[in-house]
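Undergrad: Below you'll find the structure I mean.
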Amino acid sequence: MSKRILITGGAGFIGSNFVHHWCENHEGRVVVLDILGYAGNEANVSDLASQDRFRLVKGDICDAPLVAKLLEAEKIDTVVHFAAESHVDRSILGPAAFVQTNVVGTFTLLEAFRNRWNSEGQPSDYRFLHVSTDEVYGSLEADDPPFTETTPYAPNSPYSASKAGSDHLARAYFHTYGMPTLITNCSNNYGPYQFPEKLIPLMCLNILLGKSLPVYGDGQNVRDWLHVSDHCAAIDVVLHQANPGDVYNIGGNNQVKNLDIVHSLCDLMSELASDLPKSPRDLITFVTDRPGHDRRYAMDISNIQKELGWSPAYNFEKGLRQTVEWYLNNREWWQALLSEEYKGYYDNLYGNRP
Ligand code: NAD
Ligand code: TYD
């Protein structure tokens, strides 16, 4: 039988990619709950609005009566929970929103789902999949082995600390109440529809706008990059195959230094864009490091590979080229995001950063 799924944060970057992945691959009701804040964009899912099976609800995951009513009215049996404050730099500027949405919001959803699951007699096919990050594990030195599912949590930013808190709640609801939660911890995603506060889209836009390319610290920090389509496929596999209570690490087996990514983006843009105001490599500017900047993330993905048969399909070189092409071909999409709010955020973060 097809699932009746609630996708929180489904108008954001990964959420909207997942909504499309889901609608292309599965039957059944699809409800998106998204506050449509700065990173939530109705345009990301507007192509689905005409489908009877699809509904977008503008609302806050912290609004307990709204969430309870929605689960009941839509007879939801599956939650995939993406909604979050997701950017480390914003969490440094203002951590309160991160505690509220990521911790209180996740708690609110878990409680509402527990009530619904109980009221239906604890059906064995209900699932609550909590989407989390590799950042909960802290930072690796150059020679450390990658994070496994049993690496102790050591979050270093308000963002990762709030995600760790929400992971612990999801875990506790399985252990205490037997509620069928699943947790996925994924590495850095890239691809279409990513808000231009994150490294890759920010650099793409700045190259096109002739603005400086702010590289934090020495640019040698390492992230394990995964194409967003691969992340969506992994979540689908975990949702369908994992056992309640399971935790899986997801990553790209693809560790790259920030400066190498910026160089690649400069070269791709020089090759693909005909109207660049300035030579991209000349725009690279080393700026004051992010406070508490994690040096390296890397994921050991052998469990999901062996147990569930998922592996990343995208090659980074191809994926990065496709992503650059997407930002070049979808200028109206990102031009609409260059709001006063975005300019204020940008000036606040980068304005006084020597
Ligand atoms: P995003 O910021 O692009 O999207 C988050 C979405 O959540 C937005 O649409 C936003 O409007 C919505 N939202 C925020 N607060 C809300 C609230 N109170 N109520 C309802 N909706 C709310 O983030 P993303 O990059 O798509 O990340 C999605 C999830 O994946 C997050 O939980 C994040 O921690 C996790 N994750 C992200 C990455 C990454 O590289 N981007 C990697 C691993 C895990
Ligand atoms: P980001 O995309 O913010 O993801 P995260 O901090 O969650 O890993 O940043 C990726 C890396 O790029 C991180 O090491 C910080 C660095 N970075 C810069 O050097 N300059 C920037 O302007 C941004 C946004 C990030």
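Undergrad: Based solely on its DSSP helices, what 222 nm [θ] is calculated for the chain when runs of n ≥ 4 H residues each add -39,500 (n - 2.57) and the sum is averaged over all residues, nearest 500 deg cm²/dmol?
TA: Values: 12 runs with 140 residues, N = 354.
Calculated mean residue ellipticity at 222 nm is -12000 deg cm²/dmol.
Undergrad: Another question, then. Label-point separation (nm) for S50 and E141, each offset 7 Å from Cα along Cα-to-Cβ?
TA: Reported label-point gap for S50 and E141 is 5.9 nm.
Undergrad: To continue, here is another question. For the range 1-92, what does the alpha-carbon gyration tensor say about shape, rounded, prolate or oblate, given a ≥ b ≥ c as the root eigenvalues, a/c under 1.5 as rounded, and a/b over b/c as prolate? Can you show the working numbers first?
TA: Numbers: a/c = 1.87, a/b = 1.32, b/c = 1.41.
It is oblate, given that a/c is not under 1.5 and a/b is not larger than b/c.
Undergrad: What number comes out for the charge environment of E85, summing +1 per Lys or Arg and -1 per Asp or Glu over other residues with Cβ under 14 Å away? Walk me through the intermediate numbers first.
TA: Details: positive: R90, K163, K198; negative: D34, D60, D89, E135, E197.
Surrounding charge for E85 is -2.
Undergrad: Okay, moving on. What is the range 30-187 by shape, rounded, prolate or oblate, if you read a ≥ b ≥ c off the alpha carbon gyration tensor as root eigenvalues and call it rounded for a/c under 1.5, prolate for a/b larger than b/c, and oblate otherwise?
TA: Working: a/c = 1.92, a/b = 1.34, b/c = 1.43.
Cα axes put the range 30-187 in the oblate bin.
Undergrad: Let me ask something else. What angle, in degrees between 0 and 90 and rounded to the nearest 10, separates the Cα long axis of helix 13-25 from the longest principal axis of the Cα atoms of the chain?
TA: Result, in degrees: 60.
Undergrad: Moving on. Given a 10 angstrom Cα cut-off, can you work out which residue in V45, V57, V32 is the most mobile in a GNM of the chain?
TA: Taking springs between Cα atoms under 10 Å, the residue moving most is V57.
Undergrad: Among all the aspartates and glutamates, which ones have a C-alpha under 20 Å from K343's C-alpha, if same-chain residues fewer than 8 places away are not counted?
TA: E85, D89, E197, E332
Undergrad: Shifting gears a bit: Between A336, A298, A233, find the one with the highest GNM mean-square fluctuation for the chain; connect C-alpha pairs within less than 10 Å.
TA: A336
Undergrad: Let me ask something else about it. Between the helical axis of 106-119 and the dominant principal axis of the chain, each derived from Cα atoms, what acute angle in degrees is found, rounded to the nearest 10?
TA: 20 degrees
Undergrad: Determine the shape class of the chain: with a ≥ b ≥ c the square roots of the Cα gyration tensor eigenvalues, call it rounded for a/c under 1.5, and otherwise prolate if a/b is greater than b/c, oblate otherwise.
TA: On the way: a/c = 1.70, a/b = 1.48, b/c = 1.15.
Judged from the Cα gyration tensor, the chain comes out prolate (a/c at least 1.5, a/b above b/c).
Undergrad: When the chain is fully extended, how far beyond the present Cα-Cα distance does Y177 get from Y342, taking 0.36 nm per residue of separation?
TA: Result for the pair: 55.2 nm of gain on full extension.
Undergrad: For the range 74-89 and the range 24-45, what is the separation of their C-alpha centers, rounded to whole Å?
TA: Value for the Cα centre distance between the two parts: 10 Å.
Undergrad: Calculate how steeply helix 258-272 sits against the longest principal axis of the alpha-carbon atoms of the chain, using the helix alpha-carbon long axis, and give the answer as 0 to 90 degrees to the nearest 10.
TA: 70 degrees
Undergrad: Among E111, E307, E325, which one moves the most in a GNM of the chain with springs linking Cα atoms closer than 10 Å?
TA: Among E111, E307, E325, the largest GNM mean-square fluctuation belongs to E307.
Undergrad: For the pairs K69/K163; K75/K163; K163/K278; K211/K318, flag any whose C-alpha to C-alpha distance is greater than 30 Å. Could you put the intermediate results ahead of the total?
TA: Numbers: K69/K163 25 Å; K75/K163 27 Å; K163/K278 39 Å; K211/K318 25 Å.
Beyond 30 Å between Cα atoms: K163/K278.
Just so you know, all these numbers are worked out from the coordinates, no wet-lab data involved. All of these numbers come straight from a predicted model, not from anything done at the bench. With ideal geometry, Cβ positions are generated from the backbone for all residues, glycine too; neighbour counts draw on all protein chains shown.
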